[in-house]
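No value in this document is a laboratory result; all are computed from the given coordinates. This structure is a prediction, so every number in the text was calculated from the model and none was measured. Reconstructed Cβ throughout: ideal geometry from the backbone, glycine too, with neighbour counts over all protein chains shown.
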């Protein structure tokens, strides 16, 4: 069994099977917020790694191809944005205002709350880029003097919570415009939120892709300037 698990493709296959099972449960639940595939699959994979005493570097090496495929997947998000370029151009001003408000709120609120509890600089620097995609957040946390691995965990948590809570929250607030819903979840919950938006509506997915991309640029600029000033 140990030899089998040490195979270069063993954990890749296990990960795909576990995630497919989690996604099947999510579909059968009608995409209930508490049945998010990542939320269901992650504990199972962690338990399997612990039970088999598999070191994380072994798992990472076996599933490296999934990380590589994230690149083409993110680039592919440009397609729905391009298809709606005329609509996006007409909404340039409200998009810009919403982007600035969302980017500032996402970072400032998290840092301000932890500052009230006396969190050290490394923790504040790790949570500041919480609304960015994982690779960008890890790089930004390193630049600010934070802990990249902690930043990655925070981003994962924020993305899953955002993807779970967004639709019920929008419904409670009676926000029906899929352009606004998509853009908001893209800014707040990056890739996880964007994936959820595409499940709900193509227009929401396109605007979520736009929000995720623009937020990465604006937040990095804001945090870089702030880091330079302090």
So, with points 7 Å from each Cα along the Cβ direction, the residue 108-residue 9 label distance in nm works out to 5.2
To the nearest Å, what is the center-to-center distance of the range 82-118 and the range 39-80, using C-alpha atoms only?
28
Could you calculate the contour length gain from residue 28 to residue 147, that is, 0.36 nm times the residue separation minus the distance between their Cα atoms, to one decimal place in nm?
39.0 nm
Take the chain, connect every pair of alpha-carbon atoms lying under 10 Å apart with a spring to form a Gaussian network, then pick out the residue of 60, 124, 51 with the largest mean-square fluctuation.
51
Rounded to the nearest 500 deg cm²/dmol, what is the calculated helix-only ellipticity per residue at 222 nm for the chain, with -39500 (n - 2.57) per DSSP H run of length n ≥ 4?
-26500 deg cm²/dmol
Average Cα contact separation per residue, the chain, under 8 Å, 6 or more apart, as relative contact order %
17
As I understand it, the value is the acute angle between the Cα axis of helix 148-172 and the longest principal axis of the Cα atoms of the chain; what does it come to in degrees, rounded to 10?
60
Once fully extended, how much extra length lies between residue 75 and residue 46, figured as 0.36 nm per residue of separation less the alpha-carbon to alpha-carbon distance?
7.5 nm
Rounding to the nearest 10 and keeping the result within 0 to 90°, find how far the Cα-based axis of helix 202-229 lies from the longest principal axis of the chain.
80
Mind giving me the FRET efficiency for residue 86 and residue 169? R0 is 22 Å, r the Cβ-Cβ distance, nearest 0.05 is fine.
0.15
Given contacts defined as C-alpha pairs under 8 Å and at least six residues apart, what's the relative contact order of the range 1-107, whole-number percent?
26
When you count, for each residue, the other Cβ atoms within 10 Å and take the mean per peptide, how do 125-136, 180-191 rank with the highest first?
180-191, 125-136
Dividing the alpha-carbon radius of gyration of the range 1-106 by 2.2 N^0.38 Å (N being the number of residues), what value is obtained?
1.50
Just order 193-200, 25-32, 116-123 by mean Cβ neighbour count inside 10 Å, highest at the front, would you?
193-200, 25-32, 116-123
Folded to 0 to 90 degrees: helix 92-116 orientation relative to the chain principal axis, Cα
60
